[in-house]
Each structure stands twice: as structure tokens, then as C-alpha cells.
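Worksheet: the structure to be examined is printed underneath.
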Amino acid sequence: MTNTTRTSAPDDPAAALLTEAYAVAPDDLDRLRRRLAREAERGDLLDVAIRTVDSPVGALLLAATEAGVVRVAFSGEGFDAVQSELAERVSPRVLVAPRRLDAAARQLDDYFGGRRRHFEVPLDWRLATGYRGEVLHHLATDVPYGGTASYAALAARTSSPRAVRAVGTACATNPLPLLVPCHRVVRSDGSAGRYRGGPDAKALLLALESRV
């Protein structure tokens with residue numbers, strides 16, 4: 001007969017909760033995840049908080065560090081892939097922790113409901129560096145709600161005024177769509193151009209803001 005030894009509980013409360021999760025019914029997992037998120041925040045173990053929200057352009061994944069919202073992703077990007085990207089480029093300590101993103105979720109809901117034209121949540125720009133970051137900073141401040149700008153016009157505001165193609169790439173890879181409104185940038189002929197959330201999402205957002 002083999003003797004078994006019961007190990008003591010881990011000193012790390014977050015690890016203890018993970019151990020507990022293996023022995024509970026599925027209905028209790030959400031409760032445990034919430035507890036795990038709280039313990040991780042208390043123990044300074046949570047670097048990236050994530051949550052999903054519903055919207056007229058489909059489900060969105062929101063992610064935030066202590067500095068601010070670092071990523072907004074559309075379902076078409078694949079949420080698993082986005083979480084892997086966050087783990088690789090920001091920190092492997094990524095956890096569902098909705099509370100950190102409550103303000104962003106409320107403001108997005110107000111935006112889609114026509115009750116908000118400006119977002120007032122802190123942003124973490126670390127995924128938008130170099131020239132792409134410069135483009136997106138101009139975009140965030142220079143193209144107002146209900147308006148549009150061409151890629152060429154946006155390039156003209158930057159340190160490389162002829163880099164129209166690079167501006168297009170910056171908009172197409174914007175890690176903070178909606179909060180940084182790359183949907184307002186269109187081609188010089190008036191056609192929509194590329195959008196991370198897809199052409200239908202871009203058309204819906206432009207139509208929403210055109211009601212002003």
C-alpha cells in the first residue's frame with residue numbers, strides 16, 4: 001500500500017486559489033476567478049487585467065495595466081491570440097479582472113448609446129511606439145467626433161508628412177481602436193480603407209458619429 005503525504009497549502013494566496021479551482025464544481029469557477037483576481041491585485045501579481053464586453057460591432061476584449069487601457073480587440077482578431085500577444089509583449093501575468101476596466105466599459109456603452117463623444121480613461125501606449133505611436137497620438141487629438149481625415153492629411157501633421165502608407169499601417173494596427181478613433185481616417189477618394197474591426201464595423205462607427 002502506497003502512503004500519500006498531504007502537502008501544506010501554498011503561501012501564495014493566488015496559488016492556493018488556483019489549487020482549489022481543480023476541486024470545485026464548474027458553477028463555482030466564476031466565484032473563484034473573482035477571488036483570484038482580488039488576491040492577485042492585493043499581492044501585486046496582476047499586470048494585465050482583461051474583460052469582454054458586448055457592443056454593436058461584436059464582442060470586444062479590453063485589457064488594462066496599472067497605467068491604463070493597453071488593448072482593445074475585436075472578436076475577429078481571436079481573443080486567445082490577443083491574450084498571447086499581451087503575455088508576450090506586456091507581461092505573462094494576464095488575468096480576467098473586470099473591475100479595473102469598469103470605467104472603460106461604461107464609457108464604451110455610453111459611446112455606442114450616443115451619450116458620449118470623448119473618452120476619459122487613461123491609456124497605456126506601450127504597444128504603439130515610434131512613428132506609429134506619433135500617428136496615433138495625432139489621431140487621438142486632431143480628428144474630432146463626427147469628422148474624418150484622409151491618410152494624407154493625417155500624415156501631413158506628423159514628422160514624416162509624406163509617409164501616407166505608414167500612416168495607413170499605423171491605423172490598421174492600432175492597439176486601441178475606438179478609444180483612439182482610427183475609424184475616422186479614410187482614403188483621399190472618400191472610400192473607407194482598412195480597419196482592424198473589419199469594413200462593416202468601420203461603416204457602423206462612421207454612421208453612428210455622422211448623426212451629430
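Taking the Cα centre of the stretch 103-212 as origin, work out the dipole magnitude from +1 charges on Lys and Arg Cβ and -1 charges on Asp and Glu Cβ, in debye rounded to 20. Each step should come with its number before you reach the end.
Values: 15 positive and 9 negative charges, 38 e Å.
The dipole magnitude comes to about 180 debye.
Rounded to the nearest 0.05, what FRET efficiency is calculated for Ala207 and Asp80 with R0 set to 41 Å and r the Cβ-Cβ distance?
Values: r = 30 Å, r/R0 = 0.74.
E between Ala207 and Asp80, to the nearest 0.05, is 0.85.
Where nothing but the Cβ of Lys and Arg (+1) and of Asp and Glu (-1) is charged, how large is the charge dipole of the stretch 158-212 around its Cα centre, in debye to the nearest 20?
Details: 8 positive and 3 negative charges, 29 e Å.
The calculated dipole for the stretch 158-212 is roughly 140 debye.
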*When averaged across all projection directions, what area in nm² does the alpha-carbon convex hull of the stretch 130-209 cover?*
4.5 nm²
*Dipole magnitude of the stretch 42-172 about its Cα centre, charges +1 at Lys/Arg Cβ and -1 at Asp/Glu Cβ only, in debye to the nearest 20?*
260 debye
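Please arrange Arg211, Arg71, Arg51 by how many other C-beta atoms lie within 10 Å of their C-beta, fewest to most.
Working: Arg211 7, Arg71 25, Arg51 19.
Least to most surrounded, the residues fall as Arg211, Arg51, Arg71.
Throughout, read-outs are computed from the coordinates displayed, never taken from laboratory work. What you see is a predicted model; the values in this text were computed from it and never measured. Please note: Cβ atoms are built from the backbone with ideal geometry, for glycine as well, and neighbour counts cover all protein chains shown.
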